[in-house]
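> Below are the structure tokens for one structure; questions will follow.
The values are calculated or read from the model by the stated rules, or taken from the named source; none is laboratory data. Since we're looking at a predicted model, the values are computed, not measured. Heads up, the Cβs are rebuilt from the backbone with ideal geometry, glycines too, and the neighbour counts pull from every protein chain shown. Each accessible area value is taken on the protein alone, full model and side chains, heavy atoms only, with ligands, DNA and RNA left out. Shrake-Rupley method; radii C 1.70, N 1.55, O 1.52, S 1.80 Å.
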Amino acid sequence: MADDDKLKAAIEEMNKCVSAKITYTKGDQTYFVDGGSINTWLTLNKDYTVSISDEGINQYISELAAQFDTVGSWRTFKPSIGDTATVGGGDYGWKIDKTKEAEELKQNIRDGAEITREPIYSKKGFGARGSGSDIPNTYVEVSIANQRMWFYKDGALVVASNVVTGDVTKGNGTHTGIFSLKYKERNATLKGENYSTPVSYWMPFNGGEGLHDAYWRGAFGGSIYKGGGSHGCVNLPPAVAETIFSNIQPGTPVIVY
């Protein structure tokens, strides 16, 4: 009956839910969810409790992630040599934590919240959000074709150098993509099948692949990587490795193409 207390409480709860408006920001862009969608996610159960559809919320968050996530996506940027370069893959960028965001969105709806916020991310990039690229103005650029490396910090070139990348003739070519620098370590020992090599400056960006000094090399650049390349790392002259190490921070994108 219309005067049933449980029914009235359920109606009040459902009205509260559809009054919610959650606005998500991505730079100067906004996306929102309000009663127009929320009302389709509500179910009044036989015991007059109100359920919010997990399927509806998860579908919305998947659609949101398609607009917000950049990890592994293709990006076009201005390389140091040439007009444009397009790079895809890697683990650098932004990624929504779908599980945590679903929990937070459901709670926002139950609270009838009118809020503006960012989604909950499991991974964040360094670059600005919005319609443009999320590559910041601090990054390492490695051109396999040119066997050349550049390190920019705050838009200014810190150092450029010839390098030696992975030996493509042995299936050890350095992987292309945009990766986050994982950490940096002084005086590390690199180990693999049939080798154990100490280095002074170790900066991994993709599994066992990283930037490091190669004091044993007398030359860099050219076609050395074809037959005389590394196991996948980017070999640097010691002074160059020291300069990068002293100026770079974990999370910085390393662009390899």
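> Under 5 Å between amide hydrogens, which residues at least 5 positions from Y121 or on another chain qualify, with H placed 1.01 Å from N in the peptide plane?
Answer set, sorted by chain and number: D97.
> Using the Cα centre of region 1-129 as the reference point, and only Cβ charges (+1 on K/R, -1 on D/E), how large is the resulting charge dipole? Debye, rounded to the nearest 20.
On the way: 17 positive and 21 negative charges, 120 e Å.
Computed charge dipole of region 1-129: roughly 580 debye.
> As I understand it, the dipole of region 1-158 uses +1 on the Cβ of Lys and Arg and -1 on the Cβ of Asp and Glu, about the Cα centre. Which of T23, A85, I52 lies farthest toward its positive end?
Result: A85, furthest along the dipole toward the positive end.
> Considering the dipole of the chain built from charges on the beta carbon (Lys and Arg +1, Asp and Glu -1) around the Cα centre, which of T243, I61, N39 is farthest to its positive end?
Checking the options against the dipole of the chain, the answer is T243.
> For region 56-195, what's the relative contact order in percent, using C-alpha pairs closer than 8 Å and at least 6 residues apart? Kindly include the intermediate steps, with their values, before the conclusion.
Numbers: 178 pairs, mean separation 28.5, N = 140.
The normalised contact order for region 56-195 reaches 20 percent.
> Where is the GNM fluctuation largest for the chain (alpha-carbon springs, 10 angstrom cutoff): T116, T243, T84?
Sorting by GNM fluctuation, first place goes to T84.
> How much net charge surrounds R110 when only the other residues with a Cβ under 9 Å from the Cβ of R110 are counted, with Lys and Arg +1 and Asp and Glu -1?
On the way: positive: K16, K106; negative: E13, D111.
Neighbour charge sum, excluding R110 itself: 0.
> Among residues other than K46 whose Cβ falls under 15 Å from its Cβ, what is the net charge (Lys/Arg +1, Asp/Glu -1)?
Working: positive: K6; negative: D4, D47.
In short, -1.
> Quote the relative contact order of region 1-125 in percent (integer), defining contacts as alpha-carbon pairs under 8 Å separated by 6+ residues.
On the way: 183 pairs, mean separation 38.8, N = 125.
For region 1-125, the relative contact order is 31 percent.
> Would you work out the charge dipole size for region 101-173 about its Cα centre, treating the Cβ of every Lys and Arg as +1 and the Cβ of every Asp and Glu as -1, and quote it to the nearest 20 debye? Display every interim value, and only then the final one.
Details: 9 positive and 10 negative charges, 55 e Å.
Its charge dipole is roughly 260 debye.
> What residues qualify as long-range amide H neighbours of V164, i.e. H under 5 Å apart, gap of 5 or more or another chain, H built at 1.01 Å from N?
Here the answer is G221, N235, since their amide H atoms fall under 5 Å of that of V164.
> May I ask you to evaluate 6.51 cos²θ - 1.76 cosθ + 1.60, the Karplus curve with θ = phi - 60°, for each residue of region 135-140 and list the ³J(HN,Hα) values in order in whole Hz, giving x for glycine and proline?
So the J values, rounded to whole Hz, are 7, x, 8, 10, 6, 9.
> Counting heavy atoms of the protein chains only and a 1.4 Å probe, report the per residue accessible area for the chain as a whole number of Å². Don't skip to the answer; put the middle values down first.
On the way: 12790 Å² over 257 residues.
Normalised by residue count, the accessible surface of the chain is 50 Å².
> Using θ = phi - 60° and the Karplus curve 6.51 cos²θ - 1.76 cosθ + 1.60, what whole-Hz ³J(HN,Hα) does each residue of region 170-177 get, with Gly and Pro shown as x?
For region 170-177, the Karplus-derived couplings read 10, x, 10, x, 5, 5, 8, x Hz, x marking Gly and Pro.
> What share of the DSSP beta bridges in the chain is antiparallel, in percent to the nearest 5?
Once the DSSP bridges in the chain are tallied, antiparallel ones form about 80 percent.
> Just the number, please: carbon plus sulfur as a percent of the accessible area of the chain, 1.4 Å probe, no ligands or DNA/RNA counted. Present the calculation step by step, with values, prior to reporting the outcome.
Numbers: 6090 of 12790 Å².
Exposed carbon and sulfur together represent 48 percent of the surface.
> In debye to the nearest 20, how big a dipole does the chain give about its Cα centre with +1 on each Lys and Arg Cβ and -1 on each Asp and Glu Cβ? Walk me through the numbers before you get to the answer.
On the way: 26 positive and 30 negative charges, 221 e Å.
In total the dipole reaches around 1060 debye.
> OK, next. Among G227, T165, W74, which residue has its Cα positioned farthest towards the positive end of the charge dipole of the chain, with +1 placed on the Cβ of Lys and Arg, -1 on the Cβ of Asp and Glu, and the dipole taken about the Cα centre?
The listed residue farthest towards the positive side: G227.
> For the chain, what relative contact order do you get, as a whole percent, if you take Cα pairs closer than 8 Å and at least 6 residues apart? Walk me through the intermediate numbers first.
On the way: 535 pairs, mean separation 46.1, N = 257.
Relative contact order, the chain: 18 percent.
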